[in-house]
Amino acid sequence: MFSQVASPEDALRASIEALREIVSLYDRLGLEIPAVHAATALHAARLALDDCGGTSTVGNQAG
C-alpha cells in the first residue's frame with residue numbers, strides 16, 4: 001500500500017485511511033482500549049499531514 005505513494009503527504013493520507021478503518025473495526029468489536037490507541041495514532045497522523053501543508057481530507061471523525 002505505501003510503496004506506491006508519490007509523496008510523504010500521500011503516505012500520510014494512506015496511513016490515515018488505514019487507521020480510520022482500524023478504529024472502526026476495533027469499535028465494532030467493542031475493543032475500547034485498542035480503539036483509543038488507534039484513534040490517538042489517527043489524530044497524530046492528521047496533525048502531521050496538516051503540518052506538512054496537506055489538508056486532511058478524510059474528515060475529523062476520531063472513531
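Just the residues that are under 16 Å from residue 47 (Cα atoms) and either open to solvent by 70 Å² or more (accessible area, probe 1.4 Å) or in contact with a Leu (Cβ under 8 Å, 6 or more places away or on another chain) (or both), please, taken from the stretch 1-20.
In the first step, residues of the stretch 1-20 are kept if they are under 16 Å from residue 47 (Cα atoms); the result is 8-20.
Once the filter is applied, which keeps residues that are under 16 Å from residue 47 (Cα atoms) and either open to solvent by 70 Å² or more (accessible area, probe 1.4 Å) or in contact with a Leu (Cβ under 8 Å, 6 or more places away or on another chain) (or both), the stretch 1-20 yields 8, 9, 12, 13, 16, 19, 20.
Looking at 23, 36, which is the one that is in contact with a helix residue (DSSP H, G or I) (Cβ under 6 Å, 6 or more places away or on another chain), open to solvent by less than 100 Å² (accessible area, probe 1.4 Å) and in a helix (DSSP H, G or I)? Break it down into steps so the answer makes sense when it comes.
Working: 36 fails: in contact with a helix residue (DSSP H, G or I) (Cβ under 6 Å, 6 or more places away or on another chain).
So the residue among 23, 36 that is in contact with a helix residue (DSSP H, G or I) (Cβ under 6 Å, 6 or more places away or on another chain), open to solvent by less than 100 Å² (accessible area, probe 1.4 Å) and in a helix (DSSP H, G or I) is 23.
Between a residue in the stretch 29-43 that is of a type in the set (Asp, Glu) and any residue that is open to solvent by less than 90 Å² (accessible area, probe 1.4 Å) and part of a helix (DSSP H, G or I), which pairs come within a Cβ distance under 9 Å, given they are 6 or more apart or on different chains?
Note: pairs meeting the criteria are 32/26.
The values are calculated or read from the model by the stated rules, or taken from the named source; none is laboratory data. Model, not experiment: these values are computed from the prediction. All Cβ positions, glycine included, derive from the backbone under ideal geometry; neighbour counts span all protein chains shown. Only protein heavy atoms, including side chains, enter the accessible area calculation; ligands, DNA and RNA are left aside. Shrake-Rupley method; radii C 1.70, N 1.55, O 1.52, S 1.80 Å.
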